[in-house]
Each structure stands twice: as C-alpha cells, then as structure tokens.
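Undergrad: Sending over a structure as structure tokens; questions will come in a sec.
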Amino acid sequence: PKATKAKIVSLTPLRGSRVRVSGWVHRLRDQKDLIFVVLRDGTGYLQTILSSRVAKTFNALTLTLESSIEVFGTLQAVPEGKTAPGGHELIVDYWQVLGSAPGNEDAFTNRLNEKSDPSILADLRHLVLRGETSSSVLRLRAALLSAFRASYGAHDILEVTPPCMVQTQVEGGATLFKFDYYGQPAFLTQSSQLYLETCLPALGDVFCVQESFRAENSHTRRHLSEYTHLEAELAFVTFDDLMTHIEAIICETVDKLLADPASAALIKQLNPNFTPPSRPFLRISYVDAIDWLNEHGIQHEKEDAEGNAVRDADGRPIMVDHAVGDDIAEAAERQMTDIIGKPVFLHGFPAELKAFYMKKIKGEGPAYTESCDLLMPNVGEIVGGSMRISDMEELLAAYKREGIDPTPYYWFTDQRKYGTCEHGGYGLGVERFLAWLANRYTVRECTLYPRWPNRATP
Ligand code: 4AD
Ligand code: MG
C-alpha cells in the first residue's frame, strides 16, 4: 500500500496508516528476532521495530549508529505499559540504508560524550550537534529568537538589519577586529547601537538581531569572539521606562516560551528547576552594590597601575575590598547574583567605567551615568543598556574626552542636529540569556559554532 512521507514531529495524525520516514539511526538495540531502532530526523525521535525477517530481506548492509536510512511501515500506538517518543512506534515492512556510518568502532558513535576532552568536543562540534542535549539547546535557541521577535512585535518595535562591516567603534577601540576594506581600515561591528539610534526618526522604536564581534582575550565561560546581539533602541523614554521595558520584554518572552508545549518541554529537559522571574526586578545602584559586596565579604584582586594582579610572596593574588570607582568584575558579579538568586539591575555606573555615549546624571561630584546592567544567576551580566547623550555639544565633548575623532561619526552626530530626542536602548547577549534559561555551564554550548580566542573551526 501507498505510504505517506512525513516528518517525525507530524506523525500523530497518521497513526494506523502506512508511512515513510527518513532520518538517522540514533539508537540501536538488537534482540534476536527484533531490532529496535530509534530514528532521529531533527524534528523528533521515532521508535521503529524491524523483525529479523524484514531486517535481512531488503538490505545486506548492517545497520550502524548515525547511518541515514529510510523506513516504511505501519504507525501504531505503543502497547499499554510501554513508552516511546510521541506515544507511537513504527512496525517496519521495508527499509534501506541511504548513507552508512562507521558504527561502533568510530570515535563519535562509540566514545564521544559530554565528559570528553573539551578540545575534542570543540573539534567535533559538527558531530556533537547530533546529540540530544546539544540539539535541544539549538532548538530552544530558535524558539527563543522567535519569541523575542513576537514580543517586540507586540510592542510595535520594528526589526532592522544593520551592517556588520563598519568604520566606527562603540564599546572601545581595544576590542575591535580590524580588516582591510578596499584599502580602507574597517571593523567587524561591536554593537549596532549607533545605527539603531539613527533609525528612531525614520522608523520609530527598533530592534535587531545581529552578530557582534569582540577581540577580547577572555577565556571565560561567558565570552565569545562572535556572539548574537539582540539590541533595541527606544525614543521619548526615561531611564525608568527603559528598565521597565527590559523587564517586560524578558518576562513576556519567557511567558511565550512556557506557553508553547514544544518550547516548554525543551526548558524542562534542559533546566528542570527553571522558574520564570517575577516583576519588578530588584534594582540596586552601583554605589549601593559596592557596599553590598563589602558587607558580604566579596573582594577583588588588587591590581597595579597596568592592571596586573598584585601577588603575595607565595604567588597568590592579594584580595582587597571594593571601593567606589572600581569595576565590578565577572567573579564578584557572579557571586553577587548567586547569593541574590534572581535577576537584578545594577544601575548608575561611574562615567569613567562606561562607554562615551552614555547620558550623565546631573549633579555635583564624580559623574555617574543613566546606565544599567541586568545580572542573572549563574551567568552575571546578560544585558547592558543606557540612556544616550541627546545633546550635540555634550556628545562632541564626550568624543573629545574619549579621544575619538568625530569625523567618521558625522551620521551619528547628525541625529542630535536634526530633531534630537531623549532616547535609550540596550543590548542582550543571546548566548548568555540562553545559558541562563537552559542552565548551561558556558555560552559556548549556546551557539552553533562558537568562536573564542584561537578557535574559528569548524
Ligand atoms: O555591555 P555591552 O558591551 O553593551 C553594548 O554593546 C551596547 N552598545 C548595547 C546597546 O546598548 N545597544 O554588550 C551588551 C551585551 C552584554 O550584556 C552581554 O550579554 C553581551 O552583550 N556580550 C557578550 N556576549 C558574549 N561574548 C562577549 N564577548 C560579549 N560581550 C558582550
Ligand atoms: Mg556591558
């Protein structure tokens, strides 16, 4: 009889009929008279059963893990007392190998697992992706990006696609990847923020999902050399509006994922203890955060004028209390969020620790900015945002202080010339958000082919 070709995820309505499914051998169990094959096609897993007669009749090749095969047969509900993905199994009456794989003698199918050496896992990322955990993380990533887009749509915020190749910096010259652009120097973008700002008078509030690049020699759990940057820019808002908006986008996006059975199942699989954050998020000013760190005995490494750790006679770094003006480094930030155990906004950072474009809080004494970092347990900073300098003269002074030549920024400066407005925005690291959502140890697990210092393969 005729067989209906279908993907595994959409088999349920075809129960009782003859179907044709293609995929890869995910698991294999040989039991004298029956061979149980779990087939994987990217949309799901399917239990298939071959009788030894069927197994022998149609193909002389032996079945091996990771071979691509095509099976035909009748789909039926699993017998009572047994379980299988989707609640059904395929009784195979015809099958063929499309592409065979080496099978049990092979490094991937036999020995590679999550405990393998990290450099081997990185080299074999193209095969690791086939695993249940890695593929679920990437499925959840796709769902997350869709949910973010839906959330922005619901707020009437339009998606744009800024360029990756640029001739300006945003987050400091030290972390730019430079390249030759038809004989001119150019960079891979660090952030699309400046471009989003120019969109406001044309398109209203905007967001983008764009790769950002950072030439940072950071070998940490949360730094990539290329990462997916979700950025948004909002016009006619106050700093308070901005933080409330960030909260709303994050919570609405999480709610959408949990309301969708497929995404909710992925979150449950990867992060069984996940609980959605409640609003409003805790807000702590930078100055109060410094006190909080000292009250909790969280110190940082003492540094010399060049920024190198100062060590004692035994070579151990000397630890000191935090003082106002210090950067809150990754280690301290992580300890802080681990103790607090829920999302927290740190806001009002000193101007000298932050980028040139940030709006300053008016007042006497050292300059603070209308800036915020959102920290999550297990990851630390996942969002960096601020209000922007909206005044032309103030921006020109900021370029000067930072030692930036204003010439190539003329288009950014012009936004202050042609109808400026109070505005602000933020960038969210998609891999960091996913590391939080899916409880992953490192952002390296949260992107298809991660890049970090000296790693651009595969
Ligand atoms: O804090 P950052 O550097 O802020 C900006 O780039 C702003 N211009 C964004 C804006 O306001 N439109 O980066 C924003 C976020 C961080 O909070 C972090 O989540 C992520 O981007 N991020 C990284 N993620 C992975 N690897 C890196 N090297 C990252 N650097 C920043
Ligand atoms: Mg930041």
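Undergrad: With respect to Glu422, determine if the residue is within 13 Å of ligand 1 (Cβ to nearest atom) and among the acidic types (Asp, Glu).
TA: Working: within 13 Å of ligand 1 (Cβ to nearest atom): no; among the acidic types (Asp, Glu): yes.
Judged against the criteria, Glu422 is not a match.
Undergrad: Are there any pairs, at least 6 apart or on different chains, whose C-beta atoms fall under 8 Å, with the first in region 305-323 and within 19 Å of Leu293 (Cα to Cα) and the second of a type in the set (Asp, Glu) and outside any loop (DSSP other than H, G, I, E, B), and if so, which?
TA: Pro317/Glu301; Ile318/Glu301; Met319/Glu301; Val320/Glu301
Undergrad: Pairs only if they're at least six apart or on different chains, beta carbon under 8 angstrom, first in region 379-408 and within 16 Å of ligand 1 (Cβ to nearest atom), second in a loop (DSSP other than H, G, I, E, B) and among the small types (Gly, Ala, Ser); list them, first residue then second.
TA: Ser386/Ala355
Undergrad: For region 351-458, which fully contained helices (runs of 4 or more DSSP H) count at least 1 residues that are assigned by TED's automatic domain parsing to the domain that holds Ile267 and surrounded by fewer than 16 Cβ atoms within 10 Å (Cβ to Cβ)?
TA: Where helices (runs of 4 or more DSSP H) fall fully within region 351-458 and carry at least 1 residues being assigned by TED's automatic domain parsing to the domain that holds Ile267 and surrounded by fewer than 16 Cβ atoms within 10 Å (Cβ to Cβ), they are 392-402, 410-417.
Undergrad: What is the residue count in region 126-164 for residues that are out of contact with any Lys or Arg (no Cβ under 9 Å at 6 or more places or on another chain), under 17 Å from Arg444 (Cα atoms), modelled with pLDDT of 95 or more and of a type in the set (Gly, Ala, Ser)?
TA: Within region 126-164, residues that are out of contact with any Lys or Arg (no Cβ under 9 Å at 6 or more places or on another chain), under 17 Å from Arg444 (Cα atoms), modelled with pLDDT of 95 or more and of a type in the set (Gly, Ala, Ser) number 2.
Undergrad: Looking at region 306-319, which of its residues are over 31 Å from the mean Cα position of the chain (by Cα) and in a loop (DSSP other than H, G, I, E, B)?
TA: First, pick out the residues of region 306-319 that are over 31 Å from the mean Cα position of the chain (by Cα): 306, 310-319.
Within region 306-319, Glu306, Val310, Asp312, Ala313, Asp314, Gly315, Arg316, Ile318 qualify.
Undergrad: Right, another one. Just one of the numbered conditions (1) modelled with pLDDT of 95 or more; (2) under 23 Å from Ile249 (Cβ atoms); (3) over 20 Å from the mean Cα position of the chain (by Cα) is not true of Val170; which one?
TA: Of (1) modelled with pLDDT of 95 or more; (2) under 23 Å from Ile249 (Cβ atoms); (3) over 20 Å from the mean Cα position of the chain (by Cα), only one is false for Val170: (1).
Undergrad: Residues in region 145-168: is at least one under 24 Å from Ile404 (Cα atoms) and within 16 Å of ligand 2 (Cβ to nearest atom)?
TA: The answer is no, given that none of the residues of region 145-168 is under 24 Å from Ile404 (Cα atoms) and within 16 Å of ligand 2 (Cβ to nearest atom).
Undergrad: Right, next: Looking at region 269-282, can you tell me whether even one residue there is touching a strand residue (DSSP E or B) at 6+ places or on another chain (Cβ under 8 Å), among the basic types (Lys, Arg) and either surrounded by fewer than 19 Cβ atoms within 10 Å (Cβ to Cβ) or in the same structural domain as Arg432 (by TED's automatic domain parsing) (or both)?
TA: Taking region 269-282 first, the residues touching a strand residue (DSSP E or B) at 6+ places or on another chain (Cβ under 8 Å) are 281-282.
Of the ones still in play, those that are also among the basic types (Lys, Arg) are none.
Within region 269-282, none of the residues are touching a strand residue (DSSP E or B) at 6+ places or on another chain (Cβ under 8 Å), among the basic types (Lys, Arg) and either surrounded by fewer than 19 Cβ atoms within 10 Å (Cβ to Cβ) or in the same structural domain as Arg432 (by TED's automatic domain parsing) (or both).
Undergrad: What are the residues in region 369-393 that are away from ligand 2 (no atom under 16 Å from the Cβ) and modelled with pLDDT of 95 or more, if any? So that I can check it myself, show each step before the final result.
TA: Within region 369-393, the first condition is being away from ligand 2 (no atom under 16 Å from the Cβ), and the residues that meet it are 377-378, 389-393.
Result: Ile389, Ser390, Asp391, Met392, Glu393.
Undergrad: OK, next. Would you confirm whether any residue within region 323-332 is surrounded by fewer than 19 Cβ atoms within 10 Å (Cβ to Cβ) and in contact with a Lys or Arg (Cβ under 6 Å, 6 or more places away or on another chain)?
TA: Checked region 323-332: no residue is surrounded by fewer than 19 Cβ atoms within 10 Å (Cβ to Cβ) and in contact with a Lys or Arg (Cβ under 6 Å, 6 or more places away or on another chain).
Undergrad: While we're here: Return the residue satisfying two criteria in turn: it lies in region 218-235 and is over 21 Å from Thr168 (Cα atoms) and assigned to a loop (DSSP other than H, G, I, E, B), and of such residues it is nearest to ligand 1 (Cβ to nearest atom). Spell out how you get there, then give the answer.
TA: First, the residues of region 218-235 that are over 21 Å from Thr168 (Cα atoms): 218-223, 234-235.
Cutting the leftovers down to assigned to a loop (DSSP other than H, G, I, E, B) gives us 218-223.
Values: Ser218: 7, His219: 11, Thr220: 9, Arg221: 10, Arg222: 6, His223: 4 Å.
Looking at residues that are over 21 Å from Thr168 (Cα atoms) and assigned to a loop (DSSP other than H, G, I, E, B), I get His223.
Undergrad: When both residues are 6+ apart or on different chains and their Cβ atoms are under 6 Å apart, which pairs have a first residue that lies in region 91-104 and is assigned by TED's automatic domain parsing to the domain that holds Asp33 and assigned to a strand (DSSP E or B), and a second that is modelled with pLDDT of 90 or more and among the hydroxyl-bearing types (Ser, Thr, Tyr)?
TA: Filtered contacts from region 91-104: Ile91/Thr74; Val92/Thr48; Val97/Ser67; Leu98/Ser68; Gly99/Ser68.
Undergrad: Could you list all residues from region 247-286 that are out of contact with any Phe, Trp or Tyr (no Cβ under 6 Å at 6 or more places or on another chain) and closer than 30 Å to Tyr368 by Cα?
TA: Narrowing region 247-286 to residues out of contact with any Phe, Trp or Tyr (no Cβ under 6 Å at 6 or more places or on another chain): 248-252, 254-266, 268-280, 282, 284-285.
Ala248, Ile249, Ile250, Cys251, Pro277, Ser278, Arg279, Pro280, Leu282, Ile284, Ser285 - these are the residues of region 247-286 that are out of contact with any Phe, Trp or Tyr (no Cβ under 6 Å at 6 or more places or on another chain) and closer than 30 Å to Tyr368 by Cα.
Undergrad: Quickly run through region 202-217 and pick out the residues that are polar (S, T, N, Q), more than 9 Å from ligand 1 (Cβ to nearest atom) and within 23 Å of Ala147 (Cα to Cα).
TA: Start the filter on region 202-217 by keeping residues that are polar (S, T, N, Q), which leaves 210, 212, 217.
Checking the rest, the ones that are also more than 9 Å from ligand 1 (Cβ to nearest atom) come to 210, 217.
Within region 202-217, Gln210 is the sole residue that qualifies.
Undergrad: Starting from residues that are free of Cβ contacts under 8 Å to residues at least 40 places away in the same chain and surrounded by 12 or more Cβ atoms within 10 Å (Cβ to Cβ), keep the ones in region 178-191 and report whichever is nearest to ligand 2 (Cβ to nearest atom). Step through it out loud before you land on a result.
TA: First pass over region 178-191, keeping only residues free of Cβ contacts under 8 Å to residues at least 40 places away in the same chain: 178-190.
Now drop any that are not surrounded by 12 or more Cβ atoms within 10 Å (Cβ to Cβ), which leaves 181, 186-190.
Working: Tyr181: 27, Ala186: 23, Phe187: 18, Leu188: 18, Thr189: 15, Gln190: 11 Å.
Step by step, filter region 178-191, then rank; the result is Gln190.
Undergrad: Enumerate the pairs (first residue in region 420-433 and among the aromatic types (Phe, Trp, Tyr); second residue anywhere and within 13 Å of ligand 2 (Cβ to nearest atom) and part of a strand (DSSP E or B)) with beta-carbon separation below 6 Å, excluding pairs fewer than 6 apart on the same chain, so at least 6 apart or on different chains.
TA: Tyr426/Val383; Tyr426/Gly385; Phe433/Ile382
Undergrad: So which helices (runs of 4 or more DSSP H) stay within region 237-305 end to end and still have 1 or more residues that are within 19 Å of the chain's Cα centre (by Cα)?
TA: Numbers: elements: 239-259, 261-270, 286-295.
The helices (runs of 4 or more DSSP H) meeting that bar are 239-259, 261-270.
The values are calculated or read from the model by the stated rules, or taken from the named source; none is laboratory data. Worth saying up front: this structure is predicted, and the values here are computed from it rather than measured. In this analysis, Cβ positions are derived from the backbone assuming ideal geometry, glycine residues included, and neighbour counts consider all displayed protein chains.
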